[in-house]
Amino acid sequence: MNPHQACIEACNDCAAACENCASECLKEDEVKAMADCIAIDRDCADICRLAAAWMQRSSPFSAQVCELCATLCEACAEECAKHEMDHCQACARACRRAAAECRKMASR
């Protein structure tokens, strides 16, 4: 098992939650009001997938990517937490978990 498995799983779960949140936000009546949420969801999903891939292959730069990933996850959690929709709240929780795991990984 990869020594970073918990972080890899948290990042993959976060990417999925972010993709779902962005997709659901696009279905909202006031899509323009969700533009910031959608944009950061997409950025967060991308960096989470990148971090997971780099950890999976034991890249020597994984810690740096995870540090950036944690920053984006925290920003995404903050944005999603502003909205009461279930998909936004679920995304915020997944982002907080991934941020915490990435901070732990980056500090090793």
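Taking the criterion of being small (Gly, Ala, Ser) and crowded, with 18+ Cβ neighbours inside 10 Å, the residues of the stretch 1-58 that qualify are 10, 15, 17, 22, 45, 51, 52.
Consider residue 40 carefully, then state whether it is within 12 Å of the chain's Cα centre (by Cα), farther than 15 Å from residue 10 by Cβ and in a helix (DSSP H, G or I).
Taking the combined requirement at face value, the residue satisfies it.
Annotation note: Cβ proximity below 9 Å between a residue of the stretch 79-103 that is in contact (Cβ under 8 Å) with a residue 40 or more places away in the chain and a residue that is of a type in the set (Lys, Arg) (sequence gap 6+ or interchain) occurs for 80/93; 88/82. Exactly one residue out of 13, 29 is farther than 18 Å from residue 81 by Cα and of a type in the set (Asp, Glu): that is 29.
Only the coordinates and a few stated rules stand behind these numbers; no lab work does. For clarity, every value in this text was computed on a predicted model and none was experimentally measured. So basically every Cβ, Gly included, is an ideal-geometry build from the backbone, and we count neighbours across all protein chains shown.
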